[in-house]
1. Looking at the chain, what % of its DSSP beta bridges pair antiparallel, to the nearest 5?
2. Could you give me D for the chain, from Stokes-Einstein at 25 °C and 0.890 mPa s, where the hydrodynamic radius is the Kirkwood radius over C-alpha pairs? Units µm² s⁻¹, please.
3. Bins of 10 Å, beginning at zero and ending with the bin holding the largest distance: percent of Cα pairs per bin for region 279-322, please.
4. Given R₀ = 22 Å, FRET efficiency for Asn511-Thr650 by Cβ-Cβ distance, to 0.05?
5. Can you pull the semi-axes for region 373-415, root of five times each eigenvalue of the Cα gyration tensor, sorted largest first, whole Å?
6. At His570 and Thr617, where each label point lies 7 Å from the Cα along Cα→Cβ, what is the point-to-point distance in nanometres?
7. Given 0.36 nm per residue, what is the gain on full extension from Arg350 to Glu558 after removing their alpha carbon distance, in nm?
8. Using only the alpha-carbon atoms, what does region 369-440 span along each of its principal axes? Please give whole angstrom values in decreasing order.
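The values are calculated or read from the model by the stated rules, or taken from the named source; none is laboratory data. Since the model is a prediction, treat every value here as computed from it, not as a measurement. Cβ coordinates were reconstructed from backbone atoms using ideal geometry, including for glycine residues, and neighbour counts include every protein chain displayed. Just the protein is used for accessible areas: all its heavy atoms, side chains included, with ligands, DNA and RNA removed. Shrake-Rupley method; radii C 1.70, N 1.55, O 1.52, S 1.80 Å.
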Amino acid sequence: MTAPRFLRLLCLLLVFALVHHLSAESGQAAWLRYAPVENQPADVWLPHSIVLLDHSLVAQSAASELQRGLRGMLGREVPVTDVPRSEDAFVLVTVTEAQKYFPWLTPASMGGDGFWLKALRQRGRSQVLIIGANSRGVLYGTFALLRRIAQQQDLSHLDDREVPSAPIRWVDQWDNPDGSIERGYAGRSVFFNQGHVRTDLTRAAEYARLLASVGINGCNVNNVNAAPDVLSSSSLRELARIADAFRPWGVRLALSVSMASPQTIGHLSTFDPLDPQVAAWWRSKADEIYSLIPDFAGFTVKADSEGQLGPSHYGRSPADAANTLARALRPHGGIVLYRTFVYNHHLDWRDPKADRARAAYDIFHPLDGRFDSNVVLQIKHGPIDFQTREPVSPLLGALEHTSEAMEVQVTQEYTGQQRHLCFLVPMWKEVLDFDLHADRAGTPVKDLIAGKTFHRPLGGMVAVANVGLDPNWLGHPLAMANLYGFARLAWDPDLSAQQIAEEWTRLTFGNDPQVVRTITAMQLASWHIYESYTGPLGAGTMTDILGSHYGPGIESAERNGWGQWFRADHQGIGMDRTVATGTGYIGQYHRPVAAMYESLKTCPDNLLLFMHHVPYTEKLHSGQTVIQHIFDTHYQGAEDAAHLVQQWQTLKGRVDEERYAEVLKRLTYQAGHAIVWRDAICEWFQRTSGIADEKGRVGHHPGRIEAESMQLDGYTPVNVTPWETASGGKAVACNRTSGCSASFQFQGNAGRYALAAQYFDLNTGVAHFRLYLNGKLMDAWAADDTLPSSKMDGNTSTRHITGPLPLAPGDTIRIEGLPGGGDVAGLDDVEVYRE
Ligand code: GCU
């Protein structure tokens, strides 16, 4: 071959390699991409066959997964055999079998679902043993090995034993039979459609594989607000197909059930859990379920909560209800996860002693010891409801004779709904490491839920996950780190947030050090950033709590029965939950914790407004006043959100174009929405407290031109509700089908400027916008997102940036809005700024 031809070929190969390396990815493979691994240190000696000594369905999945992973990452075809004595093999075996073949190995006690990975090298031959405590352990060990290969770890001295922290490692899906998902932000259900289980369960099986890869062993597939029909015979037959799809991956199916089922579908005259007929109905239902689904995991129960019927209807306790179900499941090995999210949502807000945060402890603590051993109380990590910041639920430290599992939320209901980046592992870590002093000192939550303290039989973690049919499962490609991180923590709560973020990034985006560094840093900062432009000092997320739980809607939390109050007036803010003068909630903690929260001197700043009512001028430990802290953190938070965009932009060309563009789009949106949050909260607090921002930023926006003060053609000014979600409380809307326009003249110095148009993107239709400079079309965009509101408010306010463009004094900028469907092409303002 001539030199030029050779060079041309080389170039072609390089281009091919690059294109292949960065080829488009939808995110569907999540952390199981098995992308080719360069410089694989283990490649040289890794064995050339797989010996499968466990013939269970689950172990067979392990073997084919190992083949698949090695093929993808190392380009190797590795056959599977069951000839035990091969000296050059991956050996997949349970601990009981292993003792037959490797009697000289002494596998220490491995605990349920655990595994041991052990590399042996003799006479130039190598063996990698994947020894599982059971078949699931074999599968988990295989995935763990593949994870190590993907991260280019040196395996030559591999000798790792892992035992999961607790037996319950479940996800809950809040999917409805019609295919919708309550608080799901990534498309429709992978399980249901139009009242039936989907015919094609490929995605459901893929989901089980993903879950198994990180040690999840149970999945509850239907909404906790359970459809009455779930337990009907025809529905159970369909649900059995989901269990079939899960089974190869060791994921057991669980179901949410309504306590009223004996009446609604059993046609009994009562659902009183202590009525013998009712108990008999549950027993025969359980028998029917197990005849269809022999490995059925159990029931999740939401009762006497947010409109769900429960035992209180008959004056019975949650223990009466839970035990009736537990006794029906017990002969089959099933368990009941009874949720403690039980509270009165018609609380009297005028009563200074009323407090929703007290409810779970007040109801369940007196029942400790009255639950059967196959009942687990499923306790949300905080006493309210997955807010941006909450204290640890005192109930987690209050039970001595009842098993408990902690419920967290992967689906970002109150934390940005996967439109905002919010990596929740650091939050969960704080909770897991928090010492509740339940058994004097040294009882972090992670030990309590693992059943280590007080030696309770069961325990673990459950996450509301709500993945959907969106290709990348959760919508935001970076949000999958929450699902991954939850599972890793449920397995090993001692892993650090940094380790988890790094590991996830390597598996999801590859090992390029800059990519790993940048994404890890973004993830680790993101919860704090989100918190700083939303709910300050433990006051709650300050979102629209009566509707979407998404955009700002500050007063929606106040003066209603839902009890998410923060009691702000012109003098002060915060819930007084002290024992001395407040609701007494703090008294639910053990002494050292209670003492810390009770005193203003020791109460941490980030929970101040959860625990105390204080004047806006109260000094924090940081030395700043409450009000100035609110202003400053919100400005800082919005800046930090903008910085996330810049950080991501440094990765252009280092991650595939598809995910790069998708993440960039979401981060850019987030940066705009962070400004909406910032302004809503700062202006609301400035007005309510009557105290101005000492830095003069709040309410002063140089370069911002209000739409209502532009020259309008067809557009009409409207008041926006709540007022703080639009600049100046007003915006303009277009009700003319032919479209409207708003124009203004640029007054600043000549130069290059960006123009940020703040518009409202309603979910009722698609409006279109065009931006003209001196009559020349410069930009056009569609308001085609599906944000969670049909109104012009904090949910729909969206920023679109044009430019930078060269502007000179007197230039005319005109924005045309064309309504579409019910979207009135609302416009709030345009901000002109130098980049
Ligand atoms: C939140 C959420 C509801 C859900 C409830 C629960 O309140 O908004 O959609 O049903 O939690 O956990 O039961």
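1. In the chain, DSSP labels about 60 percent of beta bridges as antiparallel.
2. Values: Rh = 28.9 Å.
For these conditions, the coefficient is 85 µm²/s.
3. For region 279-322, the binned pair fractions read 24, 44, 28, 4 percent.
4. Numbers: r = 17 Å, r/R0 = 0.76.
Using R0 = 22 Å, I get an efficiency of 0.85.
5. The equivalent ellipsoid of region 373-415 has semi-axes of 22, 12, 5 Å.
6. Those two pseudo-labels are separated by 1.5 nm.
7. Details: separation 208, 0.36 × 208 = 74.88 nm, distance 1.04 nm.
That works out to 73.8 nm of additional length.
8. 43, 26, 17
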